[in-house]
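Take a look at the structure below.
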Amino acid sequence: MNDITISLPDASLRAYLEQVVAGGGYRSASDYVATLIDEDRKRRAKARLEALLLEGLEGESQVLTNEDWDQMRREYDARHPEVNDAADDK
């Protein structure tokens, strides 16, 4: 595991971080920060998907079969396992 040091120059940020960790749900400040990064990564993947879908809507239309949709889902799942993990958590 590689360590990284993060500075929180604003005392209120550090106090908030300590409050969140003390409130439970996170083992440490590192655990909380890792969760925030993971959630950001998932949010960005979702935004990318939405952008691609909108781009597709602007393109030429065609009729898709159930097999086409199944194939697209498999390809998406293979490329974005972090999004599937989030869906499994719900």
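Within the stretch 55-78, can you find the residues that are exposed (fewer than 10 other Cβ atoms within 10 Å of the Cβ) and either in contact with a Phe, Trp or Tyr (Cβ under 8 Å, 6 or more places away or on another chain) or not small (Gly, Ala, Ser) (or both)?
55, 57, 58, 60, 62, 63, 65, 66, 67
Quick one: how many residues across the stretch 6-35 are of a type in the set (A, V, I, L, M, F, W, C), surrounded by 11 or more Cβ atoms within 10 Å (Cβ to Cβ) and part of a helix (DSSP H, G or I)? Step through it out loud before you land on a result.
Pass one, the stretch 6-35, residues of a type in the set (A, V, I, L, M, F, W, C): 6, 8, 11, 13, 15, 17, 20-22, 29, 33-34.
Still in the running and surrounded by 11 or more Cβ atoms within 10 Å (Cβ to Cβ): 8, 13, 15, 17, 20-21, 29, 33-34.
Still in the running and part of a helix (DSSP H, G or I): 13, 15, 17, 20-21, 29, 33-34.
Residues that pass the stated criteria total 8.
What is the one condition in (1) of a type in the set (D, E, K, R); (2) assigned to a helix (DSSP H, G or I); (3) free of Cβ contacts under 8 Å to residues at least 12 places away in the same chain that residue 3 does not satisfy?
For residue 3, the exception is condition (2).
For the stretch 53-90, enumerate the residues that are closer than 21 Å to residue 38 by Cα, part of a helix (DSSP H, G or I) and modelled with pLDDT of 90 or more.
Let us first name the residues in the stretch 53-90 that are closer than 21 Å to residue 38 by Cα, namely 76-90.
Checking the rest, the ones that are also part of a helix (DSSP H, G or I) come to 76-79, 81-89.
Of everything in the stretch 53-90, those that are closer than 21 Å to residue 38 by Cα, part of a helix (DSSP H, G or I) and modelled with pLDDT of 90 or more turn out to be 76, 77, 78, 79.
The values are calculated or read from the model by the stated rules, or taken from the named source; none is laboratory data. None of these values were measured; they are calculated from a predicted model. Cβ: placed from backbone, ideal geometry, glycine included. Neighbour counts: every protein chain shown.
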